[in-house]
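Everything below concerns the one structure shown next.
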Amino acid sequence: MDLTVRSSHLERLDRWLTANVQGISRNRIQKLIEGGYLTLNGQRCTHKQTLVQAGDRLSLTIPAAQPLELVPQAMVLDILYEDDHLIIINKPAGLVVHPAPGNLEGTLVHALLAHCGNCLPGIGGVQRPGIVHRLDKDTTGAIVVAKTDFAHGHLQAQIKARTAGREYLGVVYGVPPGESGTIDLPLGRHPLERKKNTVLPLTQGGRPALTHWCLEERLGPYSLLRYRLETGRTHQIRVHSSHIGYPLVGDRTYGSGRPIGVNLPGQALHAERLSLTHPLTGEPIVAVAPWPPHLTTLVRVLRCRLGTGSGATVPPESGC
């Protein structure tokens, strides 16, 4: 790729390239420069802070993405939105997002490799889908995955800057005394049970975590709550909700484990709504994930126990 600088002022090499080469993140640009894939006026340049000016000639070589050492596995995906840059999936319960010890096959990454085929130009030089955020294995709902390096960085920046909106619905034990609230408690790895997270002071390694909640519906001794995340710590909603005394129904890790009479695959938590800005066009995207059958059944059963009518399959309009 040959380019000529036309800026009227001095500018850092990596910044100029990021602004003028579409579809590649600044981090990736920096790695290409450091790896020797760029020449400046015919000479190899490996310093990202080099200043360029009008008339400078650049030649950037972008190596082919290396295939990810995973075997694609075709699965039926509930796609809420898709284009050449990103895909939003309504994830079912039981599906792990990324390969890890104990879950080396049958993950969402495997499914996306099969679905996208050779249409993945690569994330960080590797031909793979870019996981922007994660959902726990048994948490259902909307999850966005990037197809390009640029989209991956842009979407991650939206999550970090809290400009991307994420709303969840969950059924919990108990009824909060108010209509809404905010849980501002740092979270970190449990000091004794390494597979769990817990509320942990910042001085002990906890990281800031902020969860807003509001009451959607009272269901007798249970509640349907809507959660809005400002941070994305591991198990954030599950830990926060349990800590204030309202654990999610079906949560075998942070809940009470009390039977409720409805067969659940895990915690009754659903990522219902995801809103973000398209990395390339700047247009808003709002994806709403339909309820999974087990959550619909759970809410219907609880409503019927109260004798509140037919047990509709959708929540009432939220005033939160």
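Taking THR163, is it touching a residue at least 40 places away in the same chain (Cβ under 8 Å), farther than 24 Å from GLY206 by Cβ and surrounded by fewer than 24 Cβ atoms within 10 Å (Cβ to Cβ)?
Details: touching a residue at least 40 places away in the same chain (Cβ under 8 Å): yes; farther than 24 Å from GLY206 by Cβ: yes; surrounded by fewer than 24 Cβ atoms within 10 Å (Cβ to Cβ): yes.
When the stated conditions are applied, THR163 passes them.
Restricted to the stretch 190-216, and to residues that are surrounded by fewer than 17 Cβ atoms within 10 Å (Cβ to Cβ) and of a type in the set (D, E, K, R), which residue is farthest from the chain's Cα centre (by Cα)?
Only one residue tops the list, namely GLU193.
Kindly provide the set of residues from the stretch 8-39 that are within 27 Å of HIS152 (Cβ to Cβ) and not in a helix (DSSP H, G or I), ordered by number.
Going residue by residue through the stretch 8-39, those that are within 27 Å of HIS152 (Cβ to Cβ) are 11-39.
Listed by number, the residues that qualify are GLU11, ARG12, VAL21, GLN22, GLY23, ILE24, SER25, GLY35, GLY36, TYR37, LEU38, THR39.
What is the residue count in the stretch 7-43 for residues that are more than 35 Å from the chain's Cα centre (by Cα) and either at pLDDT below 85 or of a type in the set (Phe, Trp, Tyr) (or both)? Spell out the reasoning first.
Residues of the stretch 7-43 that are more than 35 Å from the chain's Cα centre (by Cα), as a first pass: 7-10, 39-43.
Then keep just the ones that are either at pLDDT below 85 or of a type in the set (Phe, Trp, Tyr) (or both); that gives 7-9.
Of the residues in the stretch 7-43, 3 are more than 35 Å from the chain's Cα centre (by Cα) and either at pLDDT below 85 or of a type in the set (Phe, Trp, Tyr) (or both).
Can you confirm whether THR46 is part of a loop (DSSP other than H, G, I, E, B), hydroxyl-bearing (Ser, Thr, Tyr) and at pLDDT 85 or above?
So THR46 passes the test.
I'd like the full set of residues that are buried (at least 18 other Cβ atoms within 10 Å of the Cβ) and either more than 16 Å from ILE62 (Cα to Cα) or touching a residue at least 40 places away in the same chain (Cβ under 8 Å) (or both), limited to the stretch 17-47.
LEU17, ILE24, SER25, ARG28
Please work out which one of (1) in the same structural domain as ALA151 (by TED's automatic domain parsing); (2) of a type outside the set (S, T, N, Q); (3) more than 30 Å from PRO101 (Cβ to Cβ) is the condition ALA74 fails and give its number.
Unmet for ALA74, out of (1) in the same structural domain as ALA151 (by TED's automatic domain parsing); (2) of a type outside the set (S, T, N, Q); (3) more than 30 Å from PRO101 (Cβ to Cβ): (3).
Which count do you get for residues in the stretch 136-151 that are within 11 Å of the chain's Cα centre (by Cα) and either buried (at least 22 other Cβ atoms within 10 Å of the Cβ) or without any contact (Cβ under 8 Å) to a residue 60 or more places away in the chain (or both)?
Result for the stretch 136-151: 6.
From the set of residues in the stretch 250-299 that are among the aliphatic types (A, V, I, L, M) and in a loop (DSSP other than H, G, I, E, B), which is nearest to LEU225 (Cα to Cα)? Walk me through it before giving the result.
Kept after step one, since they are among the aliphatic types (A, V, I, L, M), are these residues of the stretch 250-299: 260, 262, 264, 268-269, 271, 274, 276, 280, 285-289, 295, 298-299.
So of that shortlist, the ones also in a loop (DSSP other than H, G, I, E, B) come out as 260, 262, 264, 268, 280, 289.
Values: ILE260: 17, VAL262: 18, LEU264: 17, ALA268: 11, LEU280: 34, ALA289: 16 Å.
The qualifying residue nearest to LEU225 (Cα to Cα) is ALA268.
Restricting to the stretch 172-181, name every residue that is outside any loop (DSSP other than H, G, I, E, B) and in contact with a Ser or Thr (Cβ under 7 Å, 6 or more places away or on another chain).
VAL172, TYR173
Quick check on my filter: what residues within the stretch 178-223 are out of contact with any His (no Cβ under 9 Å at 6 or more places or on another chain) and of a type in the set (Val, Ile, Thr)?
THR203
The values are calculated or read from the model by the stated rules, or taken from the named source; none is laboratory data. None of these values were measured; they are calculated from a predicted model. In this analysis, Cβ positions are derived from the backbone assuming ideal geometry, glycine residues included, and neighbour counts consider all displayed protein chains.
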